[in-house]
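Visitor: Below you'll find the structure I mean.
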Amino acid sequence: MTKYVIHGGNQLFGQIDISGAKNAAVGILPAALLVEGVCRIENIPQISDVTLLLKIMQELWAEVRIINRNTLEVDCTAIQNRQVPYELSKKIRASYYMIGALLGRFHHAEVALPGGCNFGGVRPIDQHIKGFVALGAEVDVRGGVVHADAKELRGASVYLDVVSVGATMNVMLAAVMADGMTVIENCAKEPHIVDLANFLNSMGADVRGAGTDVIKIRGVKHLRGGTYSIIPDQIEAGTYMAAVAAAGGSVVINNVIPKHLDCISSKLREMGVQIQDMDDAVRVTRLGKLVRTNVKTMPYPGFPTDMQPQIAAVMSIAEGTSLVTEGVWGSRYRYVDEFKRMGARIQVDGHVAVIEGVEKLSGAPVRACDLRAGAAMVVAGLAAEGVTEIDCVHYIERGYEDIVRKLSSVGADIRVEVVPREDEGDEAADQAG
Ligand code: EPU
């Protein structure tokens, strides 16, 4: 086990390269199960969620060849449809994409459900199931395992009652080789939805409308191999933008799609941060004072819930009182008590957090409660006076490739320290992401 030790107060200058998008990768890898042939996937982020998914795929006898640090080849031609065991699926929420992929390929899936609780609330999959049933599957949950079976899958109309990233992607996976046309309405529009559709199309699928709220999928008989490069990670980029906003300085963030960052850039600009969009980079500069703003998280193109803790860290040191309203998850404020240990003034009432900016945060020992909460602790620690020690950083490493190296390269004083086993934080079975 390791922890991060940050000596706060350094301004950040230089350049950071953004990795491939986690939430695209965790949909695209299961999508490779649908393909008979070799999928060469580039710009794969080297994060523990990807490692876990690859383990699950190898359990199903997928052949995985590592070509280089961020490129791999996956060949699922010979996979056997075996049960995805709880021991693996519990560690990663996105294992639910195996249901759509196995159902699409074999008309049968048995996948242990990951636990339901994180961010302090439940994470249902009723909309995923609604979609599978509309396509002709029988789905039931027995002994913690989702069993989905279909004699045949037929294209159907699916209206999602809530805008869900997971349900949109999972129904797409199940429908791509169904017989006839599937229309998914009230879809999520996140960049990773479009990326999954582009991946599937590049392997021979016929998916149209991804990025709008209606996706039409005309089923095809087979998907064939090909090469695909994953989009840059919007949230990783946003996290470094928040880090520069909090610590001050000027950093060019490379390998991004600036359009995907508009929702984040516009809020940071309101707070006094300069952001200059370039072709595939943004320069983020904060030299003066930060000022308050309000944020409400929403599905894309709204402000992303996965940036909520990080922007809260910036608001904690902005002049005035900011409001955060969580509009996607029931609650996502477990990190607030950790922030308070650093001197932040935050009151939470249901979905709303009221953040009264303070002059300075002070370094403290804190815990990463989940992936984005952990990233927010890093952002806060960079801006704080003194030393911040962050425990349970395995959560952070689920979604950020080389965060310590990337931040050190722009002047942050952050290092990894090995924690003796008796000091380990508890590893709650929590799989945010
Ligand atoms: N919902 C339902 N029923 C469903 C599915 C979702 O009621 O069947 C509700 C959820 O409870 C939530 C809302 O719909 O209130 C949105 O959930 P969504 O399905 O969009 O979330 P997800 O697919 O489980 C993905 C990301 C999360 C991100 C959310 C929202 C992955 C692997 N995870 O989760 O990412 O917060 O979309 O954008 O793509 C992270 O990366 O840190 C992370 C948590």
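The values are calculated or read from the model by the stated rules, or taken from the named source; none is laboratory data. These numbers were taken from a predicted model, which means no experiment stands behind them. Ideal geometry is used to build each Cβ from the backbone, glycine not excepted, and the neighbour counts take in all protein chains shown. In case anyone asks, the SASA skips ligands and DNA or RNA and just uses the protein heavy atoms, side chains included. Shrake-Rupley method; radii C 1.70, N 1.55, O 1.52, S 1.80 Å.
Visitor: What accessible surface, in Å², does a 1.4 Å probe find on residue 159, ignoring ligands, DNA and RNA and rounding to the nearest 10?
Guide: Counting only protein heavy atoms, the figure is 120 Å².
Visitor: Shifting gears a bit: Starting from the Cα of residue 151, draw a straight line to each of the lysines and keep only those under 22 Å, dropping any in the same chain fewer than 8 residues away.
Guide: Cross-link targets: 130, 221.
Visitor: Please report, ordered by residue number, every helix of the chain (full DSSP H runs) that is 18 Å or longer along its axis going by C-alpha atoms and whose mean Kyte-Doolittle hydropathy reaches 0.0.
Guide: Span-like helices in the chain: 234-247, 371-383.
Visitor: For residue 189, list the aspartates and glutamates whose Cα falls under 12 Å from its own Cα; do not include residues on the same chain fewer than 8 positions away.
Guide: Reachable aspartates and glutamates: 213.
Visitor: Exceeding 27 Å between C-alpha atoms, which entries from my cross-link table qualify? They are 90/259; 22/216; 3/340; 289/406.
Guide: Over 27 Å apart, Cα to Cα: 90/259.
Visitor: Continuing with the same structure: Considering only protein heavy atoms, what is the solvent-accessible area of residue 266 at a probe of 1.4 Å, reported in Å² to the nearest 10?
Guide: Rounded to the nearest 10, the figure is 50 Å².
Visitor: Over all alpha-carbon pairs of the range 231-275, lay out the pair-distance distribution in 10 Å bins, whole %, shortest bin first.
Guide: Computed distribution, short to long bins: 29, 61, 10.
Visitor: Taking the DSSP beta bridges in the range 309-411 as the whole, what percent of them are antiparallel, to the nearest 5?
Guide: That works out to approximately 70 percent antiparallel.
Visitor: If you don't mind, another one. Place a point 7 Å from Cα of residue 394 in the direction of its Cβ. Which residues in the range 1-41 have their backbone N less than 18 Å from it?
Guide: 1-5
Visitor: Would you calculate, for the chain, the mean residue ellipticity at 222 nm contributed by helices, counting each DSSP H stretch of 4 or more residues as -39,500 (n - 2.57) and dividing by all residues, to the nearest 500?
Guide: -8500 deg cm²/dmol
Visitor: State the extension gain, in nm to one decimal, for the chain segment bounded by residue 69 and residue 157, taking 0.36 nm per residue of separation less the distance between their alpha-carbons.
Guide: 27.6 nm
Visitor: Just how many % of Cα pairs in the range 69-111 lie over 11 Å apart, if you round to the nearest whole percent?
Guide: 70 percent
Visitor: From the Cα gyration tensor of the chain, with a ≥ b ≥ c the square roots of its eigenvalues, which class applies: rounded if a/c is under 1.5, or else prolate if a/b is larger than b/c, or else oblate?
Guide: prolate
Visitor: Of 134, 375, 174, which is the most mobile in a GNM of the chain whose springs link Cα atoms less than 10 angstrom apart?
Guide: 134
Visitor: Also, quick follow-up: Just for the chain, what percent of DSSP beta bridges are antiparallel, to the closest 5?
Guide: Roughly 70 percent of the DSSP beta bridges within the chain come out antiparallel.
Visitor: Let me ask you something else. How much solvent-accessible surface does residue 106 expose, in Å² to the nearest 10, with a 1.4 Å probe and all protein chains in place?
Guide: 70 Å²
Visitor: Sticking with this one: When a/c is below 1.5 the answer is rounded, else prolate if a/b is larger than b/c, else oblate, so apply that to the range 1-141 with a ≥ b ≥ c taken from the square roots of the Cα gyration tensor eigenvalues.
Guide: Oblate shape, in that a/c is at least 1.5 and b/c is the bigger or equal ratio.
Visitor: Let me ask something else. Starting from the Cα of residue 15, step 7 Å along the direction of its Cβ; do the same at residue 202; then give the gap between the two resulting points in nm.
Guide: 2.3 nm
Visitor: Quick check on the range 228-320: take the gyration tensor over C-alpha atoms, sort the square-rooted eigenvalues as a ≥ b ≥ c, and tell me if it's rounded (a/c under 1.5), prolate or oblate.
Guide: Oblate, because a/c is 1.5 or more while a/b does not exceed b/c.
Visitor: Could you give the nm distance between label points at residue 325 and residue 40, where each point is 7 Å from its Cα heading toward the beta carbon?
Guide: Here the modelled spin labels are 4.9 nm apart.
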